[in-house]
Structures are given as structure tokens and as C-alpha cells.
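Q: Submitted below is the structure of interest, expressed as C-alpha cells.
Just so you know, all these numbers are worked out from the coordinates, no wet-lab data involved. Note that the structure is predicted; figures quoted are calculated from it, not measured. All Cβ positions, even for glycine, are placed from backbone atoms using ideal geometry, and neighbour counts span all protein chains on display.
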Amino acid sequence: MVKRQTLFMVLVFAVLAIGMGTAALTIQSKVTPKAPPRQVEFEGLTLRIPGSFGSPRRSRHERWEKLSYSGVMGNLLLAAEPADDRPLSQAFTQWFSLPGYARGPLRYEAGGSRWYFREIPFFGQGAYALQKRGKTLQFIACFSGNGRHYWIQLETRNTIPSIMKAFHEVLLSVREPDGSSPEPTLGAALDTIAQDCGWRFILPMTLPFMVPLIFLVLVFGIQLLVRGRSGRAPEVLANFREGGLEILLSGPGQLQYLDGAIGVTAQALTIYTFGTPFLVIPRSALAGRVSTGEGWFGAKFVLLDLEGPLEFQKYKWKFRNKRGTKIKIYCADPNPLYFALMN
């Protein structure tokens, strides 16, 4: 028998999951607007960048020529410097603070940042890196060509897959002066990065839906353990005894669901929680006040429409109603309990 507090929890968490999912989709639509991309030129390269980025700002740092764009997605940087004679593996080791050079994938920490690094087929020997510092994430790709080192970087605070996808689309759009494009295998290599780097860098869009679900499963598990202990029937002498019942106490200013057990003797009806008496109702108080009914989704119950005061054996601070209380004892089959109370 499905219990009412379980149905209520399902409704609450369903609303929570829908709300969080809607919020996630709203955030995604804001940070990845559908403005058409535009083509830009930089140091011999042509590439397409999202149309949401504003006007460029040109600057220079040491040997690097830089072109910077700002937008709702974050900050996009295009940079180039004259290439030197050192191997690219040596340059990658320096640029990305690698503990030791390897083609990757590598996950490591350096300089107070969390890093991910791997080589990619990007005009020969290219590199791809993620740098996470606090809530800021940098997507970085670099390669050499035309006598230059090229650096493409997107800095953002939105670590969602759509941002990574937008960055990858920029990389795939790069064309060299002769019109040549990246290797055909670049797309497949980029597709593996989101899963390979892990959730510490990229949060899956399913996470807003999974958090309520995980919490719901955890709460349900705890509820089952508590319900099992609260609803166990104690070993007592009784004409009728049943455990694992849901009990509703309602009255002026009071609405409380309990998991408990009952025992019916010639003298009283006793409601138990956690194996000890919670409420004792003398048989004389039940005369003419016992009936049966049917509630949500066909759930059947025995109704006790009682006058106060009631003899609570515990939780007296919580149940102080002296003007009467209606008690619904939900049962799969209410007839045995009803006849036990009427006899």
C-alpha cells in the first residue's frame, strides 16, 4: 500500500526536479545565445566565433599578439607569437605546467589550479588543455603553423557542455592562409574530452535532474528504515495486533502522519510507535465513534472520531489537543480491525 507521505514526497521532488531542470535550460539559453557566428581574421588565420561576442580589443604581451573578445559566454582570446626552434613538447610542458611530458590525457594540479591536458590532431601536433581555478574555467587549444605558435582560449564561469561545444566549433572552423582545415580526426578527438576530463571540469546537464533524484532515493531509504522500526508490532497479549500501518491524527491545528502498530484488548486500543505505547484509547471512548472509509487512490482506513482529552504516552509536548481528534488507521483490509473494535 502506497503511503500518503510517500506520495507527497514524490510530488515535492518532482516539482523540485522540474524547477532545477528549467533553471538549467534557462541558464544554457542565456550563455549560449543563438546569434549566428561571424568570421574573423587573425595573424593569417580565418575562423568563426559566436556572434554574441562583442568588438575585438587588440593588445600585445612580450612576443604575443593578442585579440580579445567579451560576451555572455565569457572572454575569448586569440594569440600568436613567432615560433622558435624548441620542440612543441617542451613548449607544452612550460605553458601548461606539466609535471612531465606525455601525450595524455593527464589530470594534475599545478600552481593552485586543476589541469587537464592531452595532445590533439590540430594541424599536426596540437594541444588541448583545461585549467580550473576556483569557479573559473579556461578552455585552451594551441598549435604551430606559418612560422607562428597559435593560442585560442575561452575563459568562462559556466562549466556546462554547451560552452565546451561552442569552443570546439571555433577550433573546427580554423583555416590556414592556404585554406587548409584541421585534420578530419579532430572532431572525434574533441568529442571524447567532455567525458574524459570528468565532472570536475564539465558538469553534465543531467546533474540538475540527478541531484533531486539522488536526494529522493536517500530520503526514501532512510524513511524505509525508520518506518520499519516505527511500525513494528510489539510482542504483547492482544485480541488483535497488526504492524506496518500508517496512522493520521487530525484535529484543530493538528495534522500528523505516523507509522505505527496497533493492539486491541478487551480494555483498550493501543497505538505503538517504535515498539512502545504512543496512545491508549479506552474501549469506552470508542462506542459509536468507529467507522470505515476510503481515501486517496482507494486507500481504505478505519476512522476513530474521538473526543478529548486523549491519553498520549509519549510526545506529549507535541500532541496537546484536548478538543478531540480524528484518527485514521490505514489498512489494506480494514474489516478485521473494525470488527475487533466493535466486538
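Q: State whether the residues of the range 142-154 include one that is part of a helix (DSSP H, G or I), crowded, with 21+ Cβ neighbours inside 10 Å and under 27 Å from the mean Cα position of the chain (by Cα).
A: The answer is no, given that none of the residues of the range 142-154 is part of a helix (DSSP H, G or I), crowded, with 21+ Cβ neighbours inside 10 Å and under 27 Å from the mean Cα position of the chain (by Cα).
Q: Oh, and also: Those residues that are touching a residue at least 40 places away in the same chain (Cβ under 8 Å), over 20 Å from ALA238 (Cα atoms) and of a type in the set (Ser, Thr, Tyr), I need them from the range 292-343; list them, please.
A: Scanning the range 292-343 gives THR292, THR325.
Q: On to the next question. Of all the residues that make up the range 103-112, how many are part of a strand (DSSP E or B) and of a type in the set (Lys, Arg)? Outline the logic, then answer.
A: Going through the range 103-112, the residues part of a strand (DSSP E or B) turn out to be 106-110.
Now narrow it down to the ones that are of a type in the set (Lys, Arg): 107.
Final tally of qualifying residues: 1.
Q: Now a separate question. Out of everything in the range 169-206 that is of a type in the set (Asp, Glu) and in a loop (DSSP other than H, G, I, E, B), what residue ends up being farthest from PRO105 (Cα to Cα)?
A: Residue satisfying both the conditions and the ranking: ASP178.
Q: Could I ask something else about it? Scan GLU65, GLU119, GLU81 and give me the residue that is touching a residue at least 40 places away in the same chain (Cβ under 8 Å), surrounded by 16 or more Cβ atoms within 10 Å (Cβ to Cβ), charged (D, E, K, R) and over 19 Å from THR159 (Cβ atoms). Lay out the reasoning, then the answer.
A: Working: GLU65 fails: touching a residue at least 40 places away in the same chain (Cβ under 8 Å); GLU119 fails: touching a residue at least 40 places away in the same chain (Cβ under 8 Å).
Result of the check over GLU65, GLU119, GLU81: GLU81.
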